[in-house]
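The values are calculated or read from the model by the stated rules, or taken from the named source; none is laboratory data. Every value quoted in this text rests on a predicted model; they were computed, and no experiment measured them. Cβ atoms come from the backbone with ideal geometry, glycine included; neighbour counts cover every protein chain shown.
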Amino acid sequence: MSAPTPANPSSPAHPTKVNVRVLRQDGPGQPAYWERHQVDYEENMNVISVLQKIAAQAQTVDGKKVAPVAWECGCLEEVCGSCTMVINGRVRQSCSALVDSLLAENATEIELRPMEKYPVIRDLVVDRSRLFHALKRLQAWVPVDTYGHLGPGPRINRPQQEEMYPLSKCMSCGCCMDACPQYQKIELQRRPGESDEQYQRRKEAAYEQGFVGAAPISQVVLFNSHPTGKSIADGRLDALTETGGIQVCGNAQNCVAVCPKDIPLTKSIARAGRAATLHSIKRFLEK
Amino acid sequence: MADNQRVVIIGGGLAGLSATMKLCELGIPVDLISLTQVKRSHSVCAQGGINSCNEQTRQLGDSEWKHFDDTVYGGDFLQQQPPVKEMAYWAPKVIDLMDRLGVTFNRTFEGYLDRRRFGGTLYKRTAFAGATTGQQLLYALDEQVRRWETQGMVRKFEFWDFLGPVLDEEGRCVGAVAQDLVTMEIHAFPAAATIVASGGCGLIFGKSTMSVFCNGSAVSRCFQVGAKYGNPEFIQVHPTAIPGSDKLRLMSESARGEGGRVWVPRTPQDPRPPKQIPESERYYFLEERYPQYGNLVPRDIATREIFNICVNEGLSVEKGRMAVYLDLTHIPREELDRKLGGILEIYEKFQGVDPREQPMKIFPAVHYSMGGLWVDFAKSSDGGLQAGDPANQRTNIEGLYAIGECDYQYHGANRLGANSLLSCIFSGLFVGPCIQTYIKQSGGAAVTRTPSTLFDAAVSAQQKRHEDLLNCRGGENPYLLHQELGDVMTRAATVVRHNDQLDSAYAKVEELQQRAARASISDTGSWTNQNVVFTKALQDMFPVAKAILRGARLRDECRGAHYKPEFAMPSLTETDPEARRREAEQWCDRFEENNRRYLKSTIARWNGTDPDISYEDVDTSLIPPRPRLYGLVGAEIIEQVWRERQAKRKEQVATAGQ
Ligand SMILES: Cc1cc2nc3c(=O)[nH]c(=O)nc-3n(C[C@H](O)[C@H](O)[C@H](O)COP(=O)(O)OP(=O)(O)OC[C@H]3O[C@@H](n4cnc5c(N)ncnc54)[C@H](O)[C@@H]3O)c2cc1C
Ligand code: SF4
Ligand code: SF4
Ligand code: FES
């Protein structure tokens, strides 16, 4: 991701107010609507502090009393992945989106929308469970024998570690999937009388029909390169070559352009693609 | 996998996740409750690393015992020593396990774990994964728990708020009540045992280096139904953070290590841009006051001086906000990029200012809570812990356990860097077999024998609280009250503490608490209502805030992070050798007298409106307390007197034993 344009803090060009336009939605299946807010400008503001001010004010720019805008955040320093939203048309983390740089993009207002590929729960909060389900399906873990003491792990040399570390920084924010043309929104409505478990199972079945997305593919590369993680590499590649697997990727490379952690996603996809091809041939010959 | 064995865990940070995976391995199913996806827990913020004695340091004379010693010395001897000893001896095994789980630790060229040095020790004990060690450790545990989830051993309740433990007539904890943050439904979770692993409480101070999830609500909800809270007044403040309008982000100490200079303009709030202020009008207060150490004075001293300059001397570089300059602009750009690139990028990203061109604005920030829920331990014959004993990590409420940053046990009056990640994972792993024994002994009675009416009543009580809040129209704005609380707490109960300020802060917090009971909720809906959830958390901050203030008020001494200038131990002033010797003797007398009074755990219990404070003895049976003399004038002679006293005492014990 490109670094934000540094702004001069003492520049007199700063506005006293910041206009914000938020795409709100009261719940799943409800209509979305725009709402305008205005907050006092402060130095070094980010979108989180704008939303905090909106919550404290609880009224629109026209003075209409409204419920605070709902959104997710956590670490406020771009490591937890909570706060993803579409800001001025680009999917990104709201904690590292600085008001000064956003106003440099568009001086009149800041536009906030929920992520596009995940179902809205309320306002800017979306349901990203599909992403975590993909990690289950792809067995993104190291299958150790026990948590008892068995001495150190396998030796991993420095170049290997330097390949793996960037991949392990993926914070499941979902930016890469939101920007991907092949990743289609999957949104189900709960049926009357359906139990939690039934609804959950139906959702998961639907997720498995859709594209897994760039981040989970990259996790397969990570775990398939770990000396112990490798032992279930075939299982991961099986999952990666099923419906919604790596073959769906059209190589548009939107993903890598928006990843806030600079994860080399296209490289991962290429590596996973080669592994998947070899794996499919192997499986074919086994038949 | 009988369901009457099910354990409920509140929180999926390092502590909660390691307990979850260990219990699953023991065949005990877990319900895991968290405010957010566990992968997003606050533990991801930890950058520096995790400590253990290792093969490299061993060859230089290090040992588990020395790690133990550094930890209790760093904590000013306020810890119960058996659990700390056990932790230090487990540390190498904890890191081995994390290594096996695939944590991408930095490596030496040959492929061994690389180590760095951290504060409070002479050895390179700290293993790290780039500048994101906490994130990497958390992910490895998260992956293991996901693995157990696919096997049906774990049910995750993410985006759920723990509202309180459920106690039966005998006062045993038989489960928890929690609320779904999406649907706002409230449910009971019957459990054979309940573990709280909810992390720190930085939000009580308004802004801190912690995540927004660290609001202390879970701990407060246990405290309010009778759980003891230990050492509330011990709050660690990090000297250098970046003041932001939403959060105080950590700025690593290495910036000063590489030559960064701290200063303020001599004219209060000088309006000129910093680069235009001439040298003669700059006050390099650390360099002037500590010519020997300069900007690299120990962490607590740097913190106190910066605070003092802003709060008491009014020299903050900004009006209405506290900040001093940390200046790197005299160092060549390429040198900065090579040595400090990563952390400078954080500053650049969040402040939109290039610290290679402009001095950074920094200020101390609340960083860690040493205190927390009081927990018991079972001492073994070798002075460590008795493995598998159900007393370990148990609160004073049977069936309710606490682990991780929310327990009070491992860090005493001050935590050493890179020891917290260790205590979290250690306590999580260690508690597993202890819970297993407890369930065996109690036969999961909590679940099978508790009448469902008890759980129904607990749910209705919480339902009522929720609805009362929704209907409350008292006119108070919860977000603004939170800011006020944060201001009061930050002024009175962080770096430097004065009794009169603590008294007035207590009165102010009392007033805010009453106003918070009259909060108006601007969202009265029953779907993803963050407004009401925040207000509930705010109301529950007050009992903990009061315990912090009262604990601090009653502790008339300086110990670790708790500093009252009025009661500081003096430097020696006599110059004549004999007089100086006598002065040192008196110093040691006073030190011992002070320890007799205050080397005790503060115990807070909630009486419904205020905390009652009492004191409990600290187990210092393994390493006798000794004075911390860093930077004190006369340290050598005090140390000599102290050593002679200790030797004499040993002799007496030896003769008495004959
Ligand atoms: C910026 C920073 C850097 C640090 N660096 C280091 C370092 O380098 N080395 C080191 O050793 N330590 C470091 N620390 C300290 C360390 O990160 C923490 O002490 C540790 O991560 C705490 O882990 P935990 O498992 O106890 O809690 P957390 O990781 O805070 O997890 C708490 C869990 O409880 C849940 N929870 C809380 N309240 C509720 C509720 N009411 N209902 C339901 N769930 C709830 C949360 O959702 C979360 O899952 C650092 C701390 C900070 C702030
Ligand atoms: S490269 Fe593949 S995963 Fe990335 S955006 Fe394009 S289609 Fe999506
Ligand atoms: S790969 Fe990057 S964009 Fe995608 S989820 Fe991970 S961190 Fe986010
Ligand atoms: S709040 Fe954690 S990534 Fe933005």
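Here are a few things to note about the model shown:
- Just one of the listed residues (A:Leu237, A:Leu265) is more than 15 Å from A:Val91 (Cβ to Cβ), buried (at least 19 other Cβ atoms within 10 Å of the Cβ), away from ligand 4 (no atom under 16 Å from the Cβ) and away from chain B (no Cβ under 14 Å), and it is A:Leu237.
- Any chance A:Ala70 is among the hydrophobic types (A, V, I, L, M, F, W, C), farther than 22 Å from B:Lys39 by Cβ and within 9 Å of another protein chain (Cβ to nearest Cβ): no
- For beta carbons closer than 8 Å, sequence separation of 6+ or different chains, a first residue in segment B:121-144 that is facing chain A (nearest Cβ under 10 Å) and a second that is within 15 Å of ligand 3 (Cβ to nearest atom) and modelled with pLDDT under 90, the qualifying pairs are B:Gln136/B:Gly130.
- Among residues of segment A:68-82 that are on the phi > 0 side of the Ramachandran plot and free of Cβ contacts under 8 Å to residues at least 60 places away in the same chain, those with a Cβ under 7 angstrom from a residue that is more than 6 Å from ligand 4 (Cβ to nearest atom) and hydrophobic (A, V, I, L, M, F, W, C), sequence gap 6+ or separate chain, pair up as A:Leu76/A:Ile48; A:Leu76/B:Val212.
- Long-range neighbours under 6 Å by Cβ, at least six apart or interchain, first residue under 11 Å from A:Leu98 (Cα atoms) within segment A:34-46, second buried (at least 21 other Cβ atoms within 10 Å of the Cβ) and among the β-branched types (Val, Ile, Thr): A:Met45/A:Val99
- Helices (runs of 4 or more DSSP H) (entirely within segment A:94-184) containing at least 2 residues that are within 23 Å of A:Ala32 (Cβ to Cβ): A:99-105, A:129-137, A:175-178
- Tally, over segment B:583-601, of residues that are touching a residue at least 24 places away in the same chain (Cβ under 8 Å), out of contact with any strand residue (DSSP E or B) (no Cβ under 6 Å at 6 or more places or on another chain) and closer than 20 Å to B:Ala413 by Cβ: 8
- Residue count for segment A:168-205 under the criterion of being of a type in the set (Gly, Ala, Ser), under 18 Å from the mean Cα position of the chain (by Cα) and either under 16 Å from A:Ala257 (Cα atoms) or away from ligand 3 (no atom under 16 Å from the Cβ) (or both): the result is 3.
Per-residue answers, yes or no, for (1) under 27 Å from A:Cys170 (Cβ atoms); (2) within 16 Å of ligand 1 (Cβ to nearest atom); (3) more than 14 Å from chain A (Cβ to nearest Cβ):
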{"position": "B:Ala15", "(1), (2), (3)": "yes, yes, yes"}
{"position": "B:Ser18", "(1), (2), (3)": "yes, yes, no"}
{"position": "B:Leu35", "(1), (2), (3)": "yes, yes, no"}
{"position": "B:His42", "(1), (2), (3)": "yes, yes, no"}
{"position": "B:Cys45", "(1), (2), (3)": "yes, yes, no"}
{"position": "B:Thr57", "(1), (2), (3)": "no, no, yes"}
{"position": "B:Lys66", "(1), (2), (3)": "no, no, yes"}
{"position": "B:Gly74", "(1), (2), (3)": "no, yes, yes"}
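- Within segment B:618-637, residues that are closer than 16 Å to B:Tyr293 by Cα and in the same structural domain as B:Lys600 (by TED's automatic domain parsing) have Cβ atoms under 7 Å from residues that are outside any loop (DSSP other than H, G, I, E, B) and among the acidic types (Asp, Glu) in these pairs: B:Leu629/B:Glu639, counting only partners at least 6 apart in sequence or on another chain.
- When segment B:83-97 is filtered for residues that are touching a strand residue (DSSP E or B) at 6+ places or on another chain (Cβ under 7 Å) and β-branched (Val, Ile, Thr), only B:Ile95 remains.
- In segment B:503-523, the residues that are more than 14 Å from chain A (Cβ to nearest Cβ), touching a helix residue (DSSP H, G or I) at 6+ places or on another chain (Cβ under 7 Å) and hydroxyl-bearing (Ser, Thr, Tyr): B:Tyr506
- Screening B:Asp456 against (1) surrounded by fewer than 20 Cβ atoms within 10 Å (Cβ to Cβ); (2) within 29 Å of A:Val69 (Cα to Cα); (3) in contact (Cβ under 8 Å) with a residue 60 or more places away in the chain; (4) not aliphatic (A, V, I, L, M) leaves a single unmet condition, (2).
- Test result for B:Leu315, crowded, with 16+ Cβ neighbours inside 10 Å and without any contact (Cβ under 8 Å) to a residue 60 or more places away in the chain: yes
- Residue among A:Val86, A:Val142, A:Val126 that alone is within 9 Å of chain B (Cβ to nearest Cβ) and of a type in the set (Val, Ile, Thr): A:Val142
- Any chance B:Arg125 is within 29 Å of A:Gly81 (Cβ to Cβ) and touching a strand residue (DSSP E or B) at 6+ places or on another chain (Cβ under 9 Å): no
- Filter result for A:Thr228 (more than 16 Å from ligand 4 (Cβ to nearest atom) and either touching a Gly at 6+ places or on another chain (Cβ under 6 Å) or more than 14 Å from every other protein chain (Cβ to nearest Cβ) (or both)): no
- Residue match in segment B:97-118 (condition: without any contact (Cβ under 8 Å) to a residue 40 or more places away in the chain and touching a Gly at 6+ places or on another chain (Cβ under 6 Å)): yes
- Segment A:77-89 - residue that is in contact with an Asp or Glu (Cβ under 8 Å, 6 or more places away or on another chain) and in a loop (DSSP other than H, G, I, E, B) and, of those, farthest from B:Lys247 (Cα to Cα): A:Gly89
- In segment A:206-234, of all residues being within 11 Å of ligand 3 (Cβ to nearest atom) and of a type in the set (Gly, Ala, Ser), the one that is surrounded by the fewest Cβ atoms within 10 Å (Cβ to Cβ) corresponds to A:Gly213.
- Restricted to segment A:155-193, and to residues there that are over 24 Å from B:Asp142 (Cβ atoms) and within 14 Å of another protein chain (Cβ to nearest Cβ), the residue that is farthest from ligand 2 (Cβ to nearest atom) is A:Arg155.
- Hits in segment B:76-104 - residues which are among the hydrophobic types (A, V, I, L, M, F, W, C) and either within 14 Å of chain A (Cβ to nearest Cβ) or surrounded by 24 or more Cβ atoms within 10 Å (Cβ to Cβ) (or both): B:Leu78, B:Val84, B:Met87, B:Ala88, B:Trp90, B:Ala91, B:Val94, B:Ile95, B:Leu97, B:Met98, B:Leu101, B:Val103
- Residues of segment A:244-271 that turn out to be within 20 Å of the chain's Cα centre (by Cα), within 19 Å of A:Lys169 (Cα to Cα) and not polar (S, T, N, Q), as a count: 13
- For the residues A:Arg36, A:Arg92, the requirement of being more than 11 Å from chain B (Cβ to nearest Cβ), touching an Asp or Glu at 6+ places or on another chain (Cβ under 8 Å) and more than 16 Å from ligand 1 (Cβ to nearest atom) singles out A:Arg36.
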